[in-house]
Amino acid sequence: MANLAKTAGKMENTQEVREEEFSEKETQGQLLTVESDFIAGMLAAAAYKNDELRQIDIVRDGKLYFSFRVHALGEEEANKCRKKYTKYVRNKQIGIKFAEETDNAKFRSSLIYHATVEEDRTKLWDNQQVWEGLRKQGVLVVTALDVIESVLLGGEKDRVIDEINKLSGFDSENLEEVENKMEETAKN
C-alpha cells in the first residue's frame with residue numbers, strides 16, 4: 001500500500017509495510033522470483049563489457065584522422081597485458097619473484113589493442129595496408145602494437161586508457177594511485 005505524502009511542497013511516496021504470514025510454497029515462489037531477478041542482473045552485468053562501448057576520435061588541429069571503439073577490459077585481460085611486458089627478477093635468498101621493470105609503452109599499447117572492438121582492430125591495428133604504409137615511411141612495424149605506438153601520441157594514449165579504465169570500472173584517480181604503488185614496488 002503506497003501513500004503519497006506532501007512534504008515541503010513536494011509529493012513523496014511513502015510505503016506502509018504490512019507483515020503477513022506466507023506458506024512455505026508461497027515463500028519459495030517469492031524467493032525464486034527474487035533469485036531470477038538477481039540472475040538476470042548478473043547476466044546483464046557480465047554482458048556489459050561487450051555492450052558498453054566508447055568511440056575514440058583522434059583529432060589534431062581540428063581534423064579528424066580516424067575513430068575506433070573500445071570496450072571494458074576484465075582484470076584478467078589487463079593483468080595478462082601487464083605480465084607480458086614486465087621483466088621479473090627472482091630473489092634467490094627468499095625465492096620470491098619481483099617486478100623489475102615494465103615496458104609501459106608496450107603495456108599501454110597492449111591495453112588499447114585488447115580493448116579495441118574486434119572489427120575496428122582488424123580495420124586499424126591489424127590492417128596490412130597500414131603496416132606497409134608505415135614501413136614505407138620508415139617505421140619498423142612487426143606487430144599491431146607498433147602501429148598503435150606510431151599513430152597515437154602519448155596524450156592520446158592517455159585519453160584512450162582513461163576511457164578504457166572508466167568502462168572497466170576503475171576511477172582514474174584510484175588507478176593512478178594503484179599504478180604509482182606498483183611502480184614504487186617494482187623499483188624497490
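First measure r as the distance between the Cβ atoms of residue 117 and residue 137, then evaluate 1/(1 + (r/R0)^6) with R0 = 30 Å and state the FRET efficiency to the nearest 0.05.
Plugging the Cβ-Cβ distance into 1/(1 + (r/R0)^6) gives 0.70.
As an exercise, use a Förster radius of 25 Å and the Cβ-Cβ distance of residue 159 and residue 126 to find the FRET efficiency, rounded to the nearest 0.05.
0.70
Taking a temperature of 4 °C and a viscosity of 1.567 mPa s, what whole-number D in µm²/s does Stokes-Einstein yield for segment 50-136 with Rh from Kirkwood over alpha carbon pairs?
Values: Rh = 15.4 Å.
This corresponds to a translational diffusion coefficient of 84 µm²/s.
Want the number for residue 51 to residue 15: 0.36 nm per residue separation, take away the alpha-carbon distance, what's left?
Gain on stretching residue 51 to residue 15: 9.4 nm.
Work out how much length residue 166 to residue 103 would gain on full extension: take 0.36 nm times their residue separation and subtract the Cα-Cα distance, in nm to one decimal.
Stretched out fully, the residue 166 to residue 103 stretch lengthens by 20.4 nm.
Every read-out reported here was derived from the displayed coordinates using simple, explicitly stated rules and does not represent laboratory data. All values reported here derive from a predicted model rather than from experimental measurement. Neighbour counts are summed over all protein chains in view; Cβ atoms, including those assigned to glycine, are modelled from backbone coordinates with ideal geometry.
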